[in-house]
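Okay, structure first, notes after.
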Amino acid sequence: MQIMFSVEPFSVSFVHGISPFFFVCLKYLKGHTESKFLNSLHHPVGCNRVKDCCVNTFRSFSSPFENSTVHLIGLEHREELSREGCNDLLCELCGWGDADNALLLLARMEAVGFRPNATAYICLITALGNVGRTLEADAILQDMLRLGFKPRLNVYNVLLRCFLRKGLLRVAGQVLVEIDNLGIGRNRETYEILLDYCVHSGRLEDTWTIIGEMRREGFQLNSFVYSKVIRLYRDNGMWKKAMSIVRETKEMGVSLDKKIYNSIIDTFGKYGDLGEALEVFEKMQEEVIKPDIVTWNLLIKWHCNSGYIDHALELFAKMQEQGLYPDPKIFSMLISRLGEQGKWDIIKNNFENMKCRGHQKSGAIYAVLVDIYGQYGRFEDAEKCVNALKVEGIQLSASIFCVLANAYAQQGLCEQTVKVLQLMEAEGIEPNLIMLNVLINAFGVSGRHLEALSVYHCIKESGISPDVVTYGTLMKAFIRAKKFDQVPVIFKEMESAGCTPDRKAREMLQNALMVLEQRHI
């Protein structure tokens, strides 16, 4: 934990300062246009700036309160509302994920001399954090502290999760220091947030350190912890050890719940044992545990990866019969595989069936993805794509931008991938590590390994900690460019950063070393 979170003396507001990543310039398009990321976020963010921004740039978003008698327009016309009524409305807006209107309401409240209560502040920080707007979330927290409020642990957990999603380990470390300094004490959620990050980023030692600390603090290992351990062993090629963890959970009296079943299915799927994965799926239902969207997505994903598209489509149809709609990432994978085989009639039929079952807003996202992967060309330009989603009333988030960027990246359209990132920043959403990994992949697919390398260097300079996916994607880019001598260098950097190489990374290293050996013969 000490190695992972090397804390230096700076406040959580570190992310508000100038970061080297924010002046990254990547030359692209024929005119070698410069792309400057996050120009609007270079300067320190304070709540006054948030207020001004909200008042001056308020746009009409679809909201469940549009027909309410207590709407934001009422505040604009100076209708009398009590402080309690404003706080309740603020919490409701945050609950619906309408952070923009919530910030506008905050500005109007302060303009008439109202101050939010602690609950309203917490709701606002949570809503902003959930959509990746950590700068504004932290600014609200600082305002809250200045007013003498003492945030509870759940507020710090929200910020911790947001910073880790962006790979900002040093800032996350400072959050942990503040938790300890306030004497609040870490709870199970804090440890689970840390554990989730360590497993996703491939930090084997740090994962066991956190588990050890949980045990010392008296926290019982539950299904969440065991499911993460299973995934960690699986990602490191130790699938037999992963399955032994399942036996251990039974011996410890931990019931096999949805999380553990999903981890087992994921393990079998990754190693191509789809028959076993389906047996576990059946057993899960026999135990009266209803499969969730994660379960279905895993089964569809691994059938696609193994080339069993027909089986994937059957699962896809069954999932919708259960009233569940696929993650856009899984949908992208499915139509990508069908597109490679030229089966556009099947894509069209499945999409039409989805539209009959689904609601308009979800359908808009899937329609855009079909177009990007397809033969229509309406959304060859990323800006048109994003504008089309806005027209449909889609609440844009970091995850939606990542899906769109990945769709363009898979087609080798790196210029449009960069544009998606710019549009994301224009919406006030900060780029996270997933998005930057997608950008590395886009340049790699296009054979532009030097640009991919420049993104990697800028990630490090900005204080973001690369994960296993970052290093693996970069290694793949250099292999595509036939720069095999750089692959061992990247692999060594991965190990030095505390990331445990997964099976794919080790395979790429072995392939690169074989090529280099043959060249010297």
Surface accessible to a 1.4 Å probe, per residue, for the residues of the range 449-521, Å²: 51 Å²
Estimated vicinal HN-Hα couplings, Hz - the range 484-489 in sequence order (Karplus 6.51, -1.76, 1.60; Gly, Pro = x): 5, 5, 8, 4, x, 5
Of the cross-linked pairs K258/K301; K166/K504; K240/K504, which ones have a Cα-Cα span greater than 21 Å in the structure shown? K166/K504
Once each part is reduced to its C-alpha centroid, what is the distance from the range 164-240 to the range 396-440 in angstrom? 27 Å
With the 1.4 Å probe rolled over protein heavy atoms, the range 158-298 has an accessible area per residue in Å² of 43 Å²
Sticking with the crude label model, points 7 Å out along Cα→Cβ, report the distance from R506 to S244 in nm, one decimal please. 1.5 nm
Quick one: with all protein chains in place, what share of the accessible area of the range 143-213 is carbon or sulfur, to the nearest percent (1.4 Å probe)? 49 percent
Is the C-alpha gyration tensor of the range 123-184 telling us rounded, prolate or oblate? Criteria: a/c under 1.5 is rounded; beyond that, a/b larger than b/c is prolate, otherwise oblate. oblate
Whole-Hz Karplus ³J(HN,Hα) for the range 381-387, in order, using 6.51 cos²θ - 1.76 cosθ + 1.60 and θ = phi - 60°, x for Gly and Pro? 9, 4, 5, 4, 4, 5, 4
Carbon plus sulfur, as percent of the 1.4 Å-probe accessible area of the range 398-521, comes to 54 percent
Per-residue HN-Hα couplings for the range 197-205 [Karplus 6.51, -1.76, 1.60; θ = phi - 60°; Hz; x = Gly/Pro]: 5, 4, 5, 5, 8, x, 9, 5, 4
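The values are calculated or read from the model by the stated rules, or taken from the named source; none is laboratory data. Not measured: the values here are computed from a predicted model. All Cβ positions, glycine included, derive from the backbone under ideal geometry; neighbour counts span all protein chains shown. Heads up: the accessible areas ignore ligands, DNA and RNA and are worked out on the full protein's heavy atoms, side chains in. Shrake-Rupley method; radii C 1.70, N 1.55, O 1.52, S 1.80 Å.
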